[in-house]
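*Asks:* Please read through the structure below; I'll follow up with questions.
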Amino acid sequence: MSLKGVKVYGKVVRVSGIYLEAYNPGSATGDLVEIYPSSGKNIYGEVIGFNEDRCIVMPYGKLSGIKPGDRVLIKSEHVSTRTGKALLGKVVNPFGEPLDGEPLFTTEKLPIELTNINPLERERITEVFDTGVRSINGMFTLGKGQKVGIFAGAGVGKSTLLGMITNYSDADVVVMALIGERGREVREFVEDVLGEGLKRSIVVVSTADEPPVVKVKGALSAIVHARYFASQGMNILLVMDSITRFAMAQREIGLAAGEPPTLKGYTPSVFHMMTNIVESCGNFRSGGSITGIFSVLVEGDDITLDPVADALVGVFDGHIVLSRKRANAGLFPAVDPVKSLSRLMPKLVSEEHMKMVMYVKELLSSYESMEDLVNLGLYKKGSNPAVDKVLENKELIDNFFRQDYRKGVSFEESLKELTELYNHLRGKSA
């Protein structure tokens, strides 16, 4: 803290696990802190709470080398990130610094914090958001400004699907947040999955080995970037992989700050901050929009078993569920046509489009209820007309949902192919 040109320092009094405590010379939560270890480089951190006359600080780096008595400077300024068009095509850390070390020019500095949006500043969502994925465009149409979750267990093609949407959607700018990602996979994702899509993207990375506060800042920083470009009237695609790892990181921070744990140790701030992040998306009166797609890790492939996934279902405007059964059968993207839903679709597409979707879903729902009998050879043909129709046209139906990750399919093409599938299925019943 500066007072008439004089810097006032606190000092470290306790180091514990992933945080430290220092005497508080007038700090506030969210303030940037600089720690001066007796040996080694200075470390930055953030005030996350208080314990009587001490502030609880979570460093952005490792705690090794810090000991009681080391000086702490409270900068009395909020943690910020650099943003702007100069970041397009860059992979950056949560503070807007490129990971390739190249200098940036003509960027703006904005605090990493979320402000509430007046609900009357939001416009109704009326325009289709083209994801470039046939099954989503046709069966679960999204709108510009909608917020949806991709619910999946490990190894069912979640990251590949996110890459397809990032590459083939009709967004002006893509903000990609890789939260808690394995370091090995960052380059693989950027080069193999994102590819040419990087040119119109900002990729915010906080890897698995970084402190939890850095992972949380990575998620919030992505929102700041998205809002910056949306304020200029652009249509933004915000992709976060994954919001579950954000929740885990915030849980660690909340427990360190003394919050009471709830189910599976998650603290109240986790659910509050997740809601704030999701509610940052929308279609705004300024003319811009943020369409949010968040991946959610599902424990045991059951949404109800995980408190984070269960809570998010009610916050999103829809959910895309990936099926392990379909993935094991080599059907990618493994979108579950029965469990997935877009709540805004009826307001975005024609009655004829909805009629086709409901017909296909009804057939597949009937088939799913009998699938075990079919696989065991116990189903008798003629028992259920809907199941018979699926069995007769299974390859045709599967081909509609199957898509090469190297090729995008526009909304118009998706609707055309859905119409062809519907007409074929109806023709079989005639």
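*Asks:* Under a Cβ-Cβ cut-off of 13 Å, what is the net charge of the residues other than N118 that fall near it, where Lys and Arg count +1 and Asp and Glu count -1?
*Replies:* Residues near N118 contribute -1 overall.
*Asks:* What number comes out for the charge environment of V47, summing +1 per Lys or Arg and -1 per Asp or Glu over other residues with Cβ under 11 Å away?
*Replies:* Working: positive: R54, K75; negative: E21, D31, E46.
Local charge sum for V47: -1.
*Asks:* Tell me, what ³J(HN,Hα) does each residue in the range 66-76 have, in order and in whole Hz, if you take phi through Karplus 6.51 cos²θ - 1.76 cosθ + 1.60 with θ = phi - 60° and put x for Gly and Pro?
*Replies:* Result, ordered by residue: 8, 9, x, x, 5, 6, 10, 9, 7, 7, 6 Hz.
*Asks:* Counting C-alpha atoms alone, how compact is the range 316-400: give Rg to one decimal and Dmax as a whole number, in angstrom.
*Replies:* Spelled out, the Cα radius of gyration and Dmax of the range 316-400 are 14.1, 42 Å.
*Asks:* Here's another thing I want to ask about it. In sequence order, what are the phi-derived ³J(HN,Hα) couplings for the range 48-63 according to the Karplus relation 6.51 cos²θ - 1.76 cosθ + 1.60 with θ = phi - 60°, rounded to whole Hz, with x for glycine and proline?
*Replies:* Each residue of the range 48-63 in turn: 10, x, 9, 9, 6, 8, 10, 9, 8, 10, 10, x, 7, x, 6, 7 Hz.
*Asks:* Restricting to DSSP H runs of at least four residues, report the calculated mean residue ellipticity at 222 nm for the chain, -39500 (n - 2.57) per run over all residues, nearest 500 deg cm²/dmol.
*Replies:* The per-residue figure over the chain is -10500 deg cm²/dmol.
*Asks:* Sticking with this structure for a sec: Using amide H atoms built 1.01 Å from N in the peptide plane, name the residues 5+ places from T262, or on other chains, whose amide H lies under 5 Å from its own.
*Replies:* T267
*Asks:* Got a sec? What order do F50, F246, F95 fall in by accessible area at 1.4 Å, biggest, i.e. largest, first?
*Replies:* I get F50, F95, F246, largest accessible area first.
*Asks:* Estimate the FRET efficiency between N399 and V374 by the formula 1/(1 + (r/R0)^6), using the beta-carbon distance for r and 25 Å for R0, to the nearest 0.05.
*Replies:* 0.85
*Asks:* Same structure, new question: Once Rh is set to the Kirkwood radius over Cα pairs, what Stokes-Einstein translational diffusion coefficient, in µm²/s, holds for the range 83-160 at a temperature of 10 °C and a viscosity of 1.306 mPa s?
*Replies:* Working: Rh = 16.6 Å.
Value of D from the Cα-based Kirkwood radius: 96 µm²/s.
*Asks:* How many angstrom lie between the Cα centre of the range 259-295 and the Cα centre of the range 7-29?
*Replies:* 29 Å
*Asks:* If you build the Cα gyration tensor of the range 113-153 and take the root of 5 times each eigenvalue, what three semi-axes come out, in whole angstrom, biggest first?
*Replies:* Values: eigenvalues 121, 49, 10 Å².
The equivalent ellipsoid of the range 113-153 has semi-axes of 25, 16, 7 Å.
*Asks:* OK, next. What size of dipole, in debye to the nearest 20, comes out for the range 351-426 about its Cα centre when the only charges are +1 on Lys and Arg C-beta atoms and -1 on Asp and Glu C-beta atoms?
*Replies:* 140 debye
*Asks:* I'm a student and want to see the number: the projected area of the Cα convex hull of the chain, averaged over all directions, in nm².
*Replies:* Averaged projected area of the chain's Cα convex hull equals 23.3 nm².
*Asks:* Next question, about the same structure. Hey, can you grab everything whose amide H is under 5 Å from the amide H of Y379? Only 5+ residues off in sequence or another chain; H modelled, so Pro and N-termini drop out.
*Replies:* V374
*Asks:* If you don't mind, there's one more thing I want to ask. Which angle between 0 and 90 degrees, to the nearest 10, do you get for helix 212-230 versus the longest principal axis of the chain when only C-alpha atoms count?
*Replies:* 70 degrees
*Asks:* If only Cα atoms are counted, what is the Rg of the range 351-426, and what is its Dmax, in Å?
*Replies:* For the range 351-426, the Cα-based Rg and Dmax read 13.9, 40 Å.
*Asks:* Let me ask something else about it. Provide the per-residue ³J(HN,Hα) series for the range 134-151, in order, calculated from phi with Karplus coefficients 6.51, -1.76, 1.60 and θ = phi - 60°, each as a whole number of Hz, with x at glycine and proline positions.
*Replies:* 4, 5, 6, 4, x, 9, 9, 4, 9, x, 5, x, 6, 10, 9, x, 9, 9
*Asks:* Could you report the accessible area of K347 in Å², rounded to 10, computed with a 1.4 Å probe on the protein chains as they sit in the structure?
*Replies:* 140 Å²
*Asks:* Sticking with this structure for a sec: Please give every one of the aspartates and glutamates within straight-line cross-link reach of K215, meaning a C-alpha to C-alpha distance under 18 Å, and leave out same-chain neighbours fewer than 8 residues apart.
*Replies:* Of all the aspartates and glutamates, those that pass the test against K215 - Cα under 18 Å, at least 8 places apart if same chain - are D31, E46, E97, E113, E181, E185, D241, E252.
*Asks:* If the only charges are +1 at each Lys and Arg Cβ and -1 at each Asp and Glu Cβ, what is the size of the charge dipole of the chain around the Cα centre, to the nearest 20 debye? Don't skip to the answer; put the middle values down first.
*Replies:* On the way: 50 positive and 53 negative charges, 95 e Å.
Roughly 460 debye, rounded to the nearest 20.
*Asks:* Select from S383, N423, M358 the residue farthest towards the positive end of the dipole of the range 351-426; place +1 on Cβ of Lys and Arg, -1 on Cβ of Asp and Glu, and compute about the Cα centre.
*Replies:* Of the candidates, S383 comes out farthest on the positive side.
*Asks:* Still on this model: Go ahead and set up a Gaussian network model of the chain, Cα springs under 10 Å, then flag whichever of L73, L331, L305 fluctuates most.
*Replies:* Evaluated over the chain, the most mobile residue of the options is L305.
*Asks:* Let me ask something additional. Considering the chain as a Gaussian network with a 10 Å cut-off on Cα pairs, which listed residue, E46, E299, E185, attains the greatest mean-square fluctuation?
*Replies:* Checking each option, the largest mean-square fluctuation is seen for E185.
*Asks:* Check which residues have an amide H placed less than 5 Å from V296's amide H, if you skip close sequence neighbours.
*Replies:* I150, F151, A152
*Asks:* Out of N276, N375, N328, any idea which swings most in a Gaussian network model of the chain, alpha carbons joined below 10 Å?
*Replies:* Among N276, N375, N328, the largest mean-square fluctuation in the Gaussian network model of the chain belongs to N375.
*Asks:* DSSP beta bridges in the chain, what fraction antiparallel, as a percent rounded to 5?
*Replies:* Of all bridge pairs located within the chain, approximately 55 percent are antiparallel.
*Asks:* Quick check: pseudo-label points 7 Å beyond the Cα along Cα→Cβ at L88 and I117, how many nm apart are they?
*Replies:* In this crude label model, L88 to I117 measures out at 2.1 nm.
The values are calculated or read from the model by the stated rules, or taken from the named source; none is laboratory data. If you're wondering where the values come from, they're calculated on a predicted model, not measured in any experiment. As a convention, Cβ positions derive from the backbone with ideal geometry for all residues, glycine included, and neighbour counts pool all protein chains shown. Heavy atoms of the whole protein, side chains included, go into the accessibility calculation; ligands, DNA and RNA do not. Shrake-Rupley method; radii C 1.70, N 1.55, O 1.52, S 1.80 Å.
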